[in-house]
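Inspection log for the structure reproduced underneath, given as C-alpha coordinates.
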Amino acid sequence: MNKALIINAHQYYPFSEGKLNATLVNSMVSHLTTKGYETRVVTMAEPLDIEHQLDLHRWADVVILQSPINWMGLPWSFKKYMDEVYTAGMGGTLCNGDGRSADQPKANYGRGGTLSGTRYMLSVTFNAPAESFNDVNEFFEGKSVDDLLLPAHMNFKFFAMQSIPTFSCFDVMKNADIEGDLARLDTHLNTYF
(Lines give C-alpha, C1' and ligand atoms only; values in the text may rest on other atoms or scores of the structure.)
Protein backbone atom coordinates (compact mmCIF):
# COMPACT_ATOMS: atom_id res chain seq x y z
CA MET A 1 0.00 0.00 0.00
CA ASN A 2 1.28 3.47 -0.87
CA LYS A 3 1.63 5.95 1.98
CA ALA A 4 1.06 9.71 1.87
CA LEU A 5 2.01 12.28 4.48
CA ILE A 6 0.04 15.51 4.06
CA ILE A 7 1.30 18.55 5.94
CA ASN A 8 -1.22 21.35 6.39
CA ALA A 9 1.05 24.34 6.97
CA HIS A 10 -1.76 26.86 7.45
CA GLN A 11 -1.20 29.40 10.21
CA TYR A 12 -4.46 30.67 11.72
CA TYR A 13 -5.29 34.37 11.57
CA PRO A 14 -8.71 35.91 12.30
CA PHE A 15 -8.97 36.98 8.65
CA SER A 16 -7.71 33.61 7.40
CA GLU A 17 -9.09 30.68 9.35
CA GLY A 18 -7.69 27.98 7.09
CA LYS A 19 -10.95 26.58 5.74
CA LEU A 20 -9.70 26.36 2.15
CA ASN A 21 -6.44 24.64 3.09
CA ALA A 22 -8.37 22.19 5.30
CA THR A 23 -10.84 21.55 2.46
CA LEU A 24 -7.98 20.85 0.05
CA VAL A 25 -6.34 18.49 2.56
CA ASN A 26 -9.64 16.65 3.12
CA SER A 27 -10.10 16.32 -0.64
CA MET A 28 -6.56 14.92 -0.97
CA VAL A 29 -7.16 12.40 1.81
CA SER A 30 -10.43 11.26 0.21
CA HIS A 31 -8.94 11.04 -3.27
CA LEU A 32 -5.77 9.23 -2.21
CA THR A 33 -7.68 6.82 0.05
CA THR A 34 -9.84 5.89 -2.94
CA LYS A 35 -6.63 5.17 -4.87
CA GLY A 36 -5.43 2.83 -2.11
CA TYR A 37 -3.14 5.19 -0.21
CA GLU A 38 -2.78 5.14 3.55
CA THR A 39 -2.67 8.77 4.66
CA ARG A 40 -1.46 10.73 7.67
CA VAL A 41 -2.15 14.44 8.18
CA VAL A 42 -0.03 16.84 10.22
CA THR A 43 -1.10 20.37 11.15
CA MET A 44 0.84 23.24 12.61
CA ALA A 45 -1.68 23.46 15.48
CA GLU A 46 -0.70 20.13 17.01
CA PRO A 47 2.18 19.68 19.48
CA LEU A 48 5.45 18.99 17.71
CA ASP A 49 6.97 15.58 18.40
CA ILE A 50 10.15 15.74 16.33
CA GLU A 51 10.91 12.01 16.34
CA HIS A 52 7.36 11.21 15.27
CA GLN A 53 7.60 13.72 12.42
CA LEU A 54 10.87 12.18 11.28
CA ASP A 55 9.26 8.73 11.42
CA LEU A 56 6.37 10.00 9.27
CA HIS A 57 8.79 11.31 6.64
CA ARG A 58 10.59 7.94 6.53
CA TRP A 59 7.24 6.14 6.40
CA ALA A 60 5.81 8.13 3.49
CA ASP A 61 6.14 7.34 -0.21
CA VAL A 62 4.94 10.86 -0.93
CA VAL A 63 4.88 14.06 1.13
CA ILE A 64 2.36 16.74 0.18
CA LEU A 65 2.79 20.21 1.57
CA GLN A 66 -0.50 22.14 1.57
CA SER A 67 0.24 25.74 2.38
CA PRO A 68 -0.94 29.28 1.95
CA ILE A 69 1.68 31.65 0.66
CA ASN A 70 2.04 34.50 3.15
CA TRP A 71 4.19 37.48 2.21
CA MET A 72 5.74 35.55 -0.68
CA GLY A 73 6.70 32.56 1.43
CA LEU A 74 5.59 29.71 3.66
CA PRO A 75 3.98 30.53 7.03
CA TRP A 76 6.27 31.07 10.02
CA SER A 77 4.85 28.06 11.85
CA PHE A 78 5.95 25.75 9.03
CA LYS A 79 9.35 27.45 8.94
CA LYS A 80 9.63 26.60 12.65
CA TYR A 81 8.60 23.01 11.80
CA MET A 82 11.35 22.84 9.17
CA ASP A 83 13.94 24.37 11.49
CA GLU A 84 13.20 21.84 14.21
CA VAL A 85 12.25 18.66 12.34
CA TYR A 86 14.44 18.96 9.28
CA THR A 87 17.48 20.04 11.26
CA ALA A 88 17.01 17.02 13.55
CA GLY A 89 16.92 14.81 10.46
CA MET A 90 20.37 15.84 9.25
CA GLY A 91 22.07 13.03 11.15
CA GLY A 92 20.95 10.39 8.66
CA THR A 93 17.18 10.26 9.05
CA LEU A 94 16.49 12.68 6.19
CA CYS A 95 20.03 13.35 5.03
CA ASN A 96 23.63 12.73 5.96
CA GLY A 97 24.64 16.26 6.76
CA ASP A 98 24.85 18.50 3.72
CA GLY A 99 26.46 15.86 1.48
CA ARG A 100 30.02 17.15 1.60
CA SER A 101 32.95 15.22 3.02
CA ALA A 102 36.24 16.14 4.65
CA ASP A 103 37.99 14.83 1.52
CA GLN A 104 35.92 17.10 -0.77
CA PRO A 105 34.70 20.02 1.31
CA LYS A 106 33.64 22.06 -1.73
CA ALA A 107 31.83 19.32 -3.68
CA ASN A 108 28.44 17.65 -3.42
CA TYR A 109 26.65 20.26 -1.30
CA GLY A 110 23.00 19.24 -0.98
CA ARG A 111 23.68 15.67 -2.10
CA GLY A 112 23.39 13.89 1.25
CA GLY A 113 19.67 13.10 1.10
CA THR A 114 18.41 9.71 2.24
CA LEU A 115 14.83 9.89 0.90
CA SER A 116 15.57 9.19 -2.77
CA GLY A 117 12.54 6.90 -3.11
CA THR A 118 10.15 9.55 -1.82
CA ARG A 119 8.22 12.04 -3.94
CA TYR A 120 6.84 15.40 -2.82
CA MET A 121 4.22 17.83 -4.05
CA LEU A 122 3.66 21.47 -3.18
CA SER A 123 0.03 22.58 -3.13
CA VAL A 124 -0.36 26.26 -2.41
CA THR A 125 -2.99 28.97 -2.12
CA PHE A 126 -2.42 32.57 -3.19
CA ASN A 127 -4.28 35.81 -2.72
CA ALA A 128 -2.56 36.82 -5.98
CA PRO A 129 -4.41 36.11 -9.23
CA ALA A 130 -2.88 33.63 -11.68
CA GLU A 131 -2.36 36.50 -14.12
CA SER A 132 0.24 38.06 -11.82
CA PHE A 133 2.65 35.21 -12.69
CA ASN A 134 4.46 34.49 -15.95
CA ASP A 135 3.90 38.00 -17.30
CA VAL A 136 6.79 40.47 -17.36
CA ASN A 137 4.34 43.36 -17.01
CA GLU A 138 2.78 42.08 -13.78
CA PHE A 139 3.99 42.06 -10.17
CA PHE A 140 6.14 38.92 -10.33
CA GLU A 141 7.96 40.27 -13.42
CA GLY A 142 7.55 37.10 -15.48
CA LYS A 143 8.42 34.70 -12.67
CA SER A 144 6.43 31.50 -12.22
CA VAL A 145 4.87 30.02 -9.10
CA ASP A 146 7.78 27.57 -8.90
CA ASP A 147 10.27 30.43 -9.15
CA LEU A 148 8.66 31.91 -6.03
CA LEU A 149 8.65 28.48 -4.35
CA LEU A 150 12.30 27.69 -5.14
CA PRO A 151 13.39 27.59 -1.45
CA ALA A 152 10.66 25.02 -0.66
CA HIS A 153 11.69 22.90 -3.65
CA MET A 154 15.33 23.08 -2.59
CA ASN A 155 14.46 21.94 0.95
CA PHE A 156 12.91 18.73 -0.38
CA LYS A 157 15.68 18.28 -2.97
CA PHE A 158 18.16 18.46 -0.05
CA PHE A 159 16.62 15.15 1.12
CA ALA A 160 16.89 13.67 -2.43
CA MET A 161 13.11 13.71 -2.90
CA GLN A 162 11.58 13.88 -6.40
CA SER A 163 9.10 16.60 -7.32
CA ILE A 164 5.54 16.14 -8.50
CA PRO A 165 4.29 19.25 -10.37
CA THR A 166 2.98 22.01 -8.11
CA PHE A 167 -0.74 22.63 -7.67
CA SER A 168 -1.90 26.21 -7.06
CA CYS A 169 -5.12 28.01 -6.17
CA PHE A 170 -5.21 31.71 -7.01
CA ASP A 171 -7.10 34.82 -5.92
CA VAL A 172 -8.54 32.89 -2.98
CA MET A 173 -9.49 35.90 -0.85
CA LYS A 174 -11.18 38.19 -3.37
CA ASN A 175 -12.34 35.92 -6.19
CA ALA A 176 -12.35 32.38 -4.81
CA ASP A 177 -13.52 29.52 -7.02
CA ILE A 178 -13.47 26.66 -4.57
CA GLU A 179 -15.51 24.29 -6.74
CA GLY A 180 -13.23 24.96 -9.68
CA ASP A 181 -10.13 24.56 -7.51
CA LEU A 182 -11.37 21.23 -6.16
CA ALA A 183 -12.13 20.00 -9.67
CA ARG A 184 -8.63 21.03 -10.81
CA LEU A 185 -7.11 19.32 -7.75
CA ASP A 186 -8.98 16.12 -8.61
CA THR A 187 -7.58 16.24 -12.15
CA HIS A 188 -4.08 16.97 -10.83
CA LEU A 189 -4.20 14.03 -8.41
CA ASN A 190 -5.56 11.71 -11.11
CA THR A 191 -2.68 12.74 -13.36
CA TYR A 192 0.16 12.27 -10.87
CA PHE A 193 -1.08 9.58 -8.45
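A few comments on the model shown:
- Between helix 178-192 and the chain: long-axis angle, C-alpha atoms, 0 to 90°, nearest 10: 40
- Compactness of the stretch 114-174 as Cα Rg over 2.2 N^0.38 Å, two decimals: 1.27
- Length-normalised contact order for the stretch 69-150 - Cα pairs under 8 Å, 6+ apart - percent: 20
- Per-peptide packing, taken as the mean over residues of other Cβ atoms within 10 Å, places 60-70, 176-186 in the sequence 60-70, 176-186 from highest down.
- Of the trypsin sites (Lys or Arg not before Pro) found in the stretch 79-111, the ones in coil according to DSSP and having at most 11 other Cβ atoms within 10 Å of their Cβ are K106.
- Solvent exposure of the chain amounts to 53 Å² per residue of accessible area, where only protein heavy atoms count and the probe is 1.4 Å.
- Helical mean residue ellipticity (222 nm; -39500 (n - 2.57) per DSSP H run of 4+; nearest 500) of the chain: -9000 deg cm²/dmol
- Candidates G92, P68, G117 compared by Cα position along the dipole of the stretch 55-145: farthest toward the positive end lies G92, with charges placed on Cβ.
- Centre separation in Å (Cα based) which lies between the stretch 29-56 and the stretch 61-116: 18
- Based on C-alpha pairs under 8 angstrom that are at least 6 apart in sequence, the stretch 1-76 has a relative contact order of 53 percent.
- Flagged links, alpha-carbon separation over 23 Å, of K35/K174; K19/K174; K3/K157; K19/K143; K79/K106: K35/K174; K19/K143; K79/K106
- Note: relative contact order over the chain, using C-alpha pairs below 8 Å and six or more positions apart, is 21 percent.
- Taking the longest Cα principal axis of the chain as reference, the axis of helix 50-59 is set at about 80 degrees.
- Each pair of Cα atoms in the chain enters the Kirkwood radius, and Stokes-Einstein at 10 °C and 1.306 mPa s then converts it into a translational diffusion coefficient of 91 µm²/s.
The values are calculated or read from the model by the stated rules, or taken from the named source; none is laboratory data. Computed from a prediction, not measured in an experiment: that's the story for all the values here. No Cβ is skipped: glycine too gets one built from the backbone with ideal geometry, and neighbour counts run over all protein chains shown. Side chains are part of the model used for accessible areas, which takes the heavy atoms of the whole protein and leaves out ligands, DNA and RNA. Shrake-Rupley method; radii C 1.70, N 1.55, O 1.52, S 1.80 Å.
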